[in-house]
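Below is one structure, written out as structure tokens; the observations come after it.
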Amino acid sequence: MAQVEATTERVVAADAEAVFDALADYSGTRAKVLPEQFSEYEVREGGDGEGTLVHWKLQATSKRVRDCLLEVSEPTEGELVEKDRNSTMVTTWRVTPAGEGKSRVVVTSTWDGAAGIGGFFERTFAPKGLGRIYDLVLDRLAAEVEK
């Protein structure tokens, strides 16, 4: 099995603290910025950053749905890490200043891919598909915090 990685980034016209706070707000903002690929969203514990336990289903393709139960941690300032209890997937959100009143948001997901030919296709196509989904999340996040 090889590790698969998908990374997407965006500069947002809002300061890093506001953007991070919006991302860490699982009880409010996060639910609003998720596109249609996410369903059955539910905060099970916490709701604001570190210590949150959140559930959703992610429809990555027409046939592929991941049932995710994510534990949220904040290992360093400006960083949220979501570890899926149901798989090897780990998603890391990093928010850093990017000039006056701007911030850079980088989201990276990694997981252990399948072996064989299925793994080849997963490593080839899954990062692009997940990147498109996270582009939508970042579009909606920007629209929310740039108000």
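The values are calculated or read from the model by the stated rules, or taken from the named source; none is laboratory data. Note that the structure is predicted; figures quoted are calculated from it, not measured. Reconstructed Cβ throughout: ideal geometry from the backbone, glycine too, with neighbour counts over all protein chains shown. Note: areas computed on protein heavy atoms with side chains; ligands, DNA, RNA excluded. Shrake-Rupley method; radii C 1.70, N 1.55, O 1.52, S 1.80 Å.
When ligands, DNA and RNA are left out and all protein chains stay put, how many square angstrom of accessible area per residue does the chain have with a 1.4 Å probe?
Values: 7710 Å² over 147 residues.
Per-residue value: 52 Å².
Ordering R10, R66, R85 by how much accessible area each has at a 1.4 Å probe, largest first, what is the list? Write out the running numbers ahead of the final one.
Working: R10 60, R66 35, R85 130 Å².
The ordering from most to least exposed comes out as R85, R10, R66.
Ignoring everything except DSSP H segments at least 4 long, calculate the 222 nm mean residue ellipticity for the chain; use -39,500 (n - 2.57) per segment, divide by total residues, nearest 500. Each step should come with its number before you reach the end.
Numbers: 3 runs with 44 residues, N = 147.
Taking each H run of at least 4 residues, the total per residue is -10000 deg cm²/dmol.
In degrees, nearest 10, range 0 to 90: what is the angle between the Cα axis of helix 116-145 and the longest Cα principal axis of the chain?
For helix 116-145, the angle is close to 20 degrees.
In the full protein assembly as shown, how much of S27 is accessible to a 1.4 Å probe, in Å² to the nearest 10?
Rounded to the nearest 10, that gives 80 Å².
Given all pairs of different Cα atoms, what value in angstroms does the Kirkwood hydrodynamic radius of the chain take? Could the numbers behind the result be given before it?
Values: mean 1/r = 0.0643 Å⁻¹.
Answer for the chain: a Kirkwood hydrodynamic radius of 15.5 Å.
Treating only the Cβ atoms of Lys and Arg (+1) and Asp and Glu (-1) as charged, compute the dipole magnitude of the chain about its Cα centre; round to the nearest 20 debye. Mind dumping the intermediate values first?
Values: 18 positive and 26 negative charges, 154 e Å.
About 740 debye.
Could you give the spread of the C-alpha atoms of region 3-89 along their three principal axes, from largest to smallest, in whole angstroms?
Projected onto the principal axes, the Cα atoms of region 3-89 cover 38, 28, 27 Å.
Under a Cβ-Cβ cut-off of 15 Å, what is the net charge of the residues other than G28 that fall near it, where Lys and Arg count +1 and Asp and Glu count -1?
The answer is -1.
Cross-chain or 8 or more residues apart, Cα under 21 Å: how many lysine pairs in the chain fit that? Count them up, please.
Numbers: K32/K57; K32/K83; K32/K147; K57/K83; K57/K128; K63/K128; K83/K128; K102/K147.
The result is 8.
Just going by the charge dipole of the chain, with Lys and Arg at +1 and Asp and Glu at -1 on Cβ, which of A2, A14, Y26 is farthest out on the positive end?
A2
Based on the Cβ-Cβ distance of H55 and A13, what FRET efficiency does E = 1/(1 + (r/R0)^6) give at R0 = 25 Å, to the nearest 0.05? Intermediate results must be reported in sequence, preceding the final value.
On the way: r = 31 Å, r/R0 = 1.25.
Between H55 and A13 the formula returns 0.20.
Tally Lys and Arg at +1 and Asp and Glu at -1 over the other residues with C-beta under 14 Å from the C-beta of V12: what net charge comes out? Present the calculation step by step, with values, prior to reporting the outcome.
Numbers: positive: R10, R94, K102, R104, R140, K147; negative: E9, D15, E17, D21, E100, D135, D139, E144, E146.
Value of the local net charge: -3.
List, in order, the whole-Hz ³J(HN,Hα) value for each residue of region 92-109 obtained from phi through the Karplus relation with A = 6.51, B = -1.76, C = 1.60 and θ = phi - 60°; use x for Gly and Pro.
The phi angles translate into 10, 10, 10, 10, 10, x, 9, x, 4, x, 10, 9, 9, 10, 10, 10, 10, 10 Hz.
Taking all protein chains in place and a 1.4 Å probe, what share, in percent, of the accessible surface of region 1-101 do carbon and sulfur account for?
Numbers: 2360 of 5390 Å².
Carbon-and-sulfur percentage of accessible area, whole number: 44.
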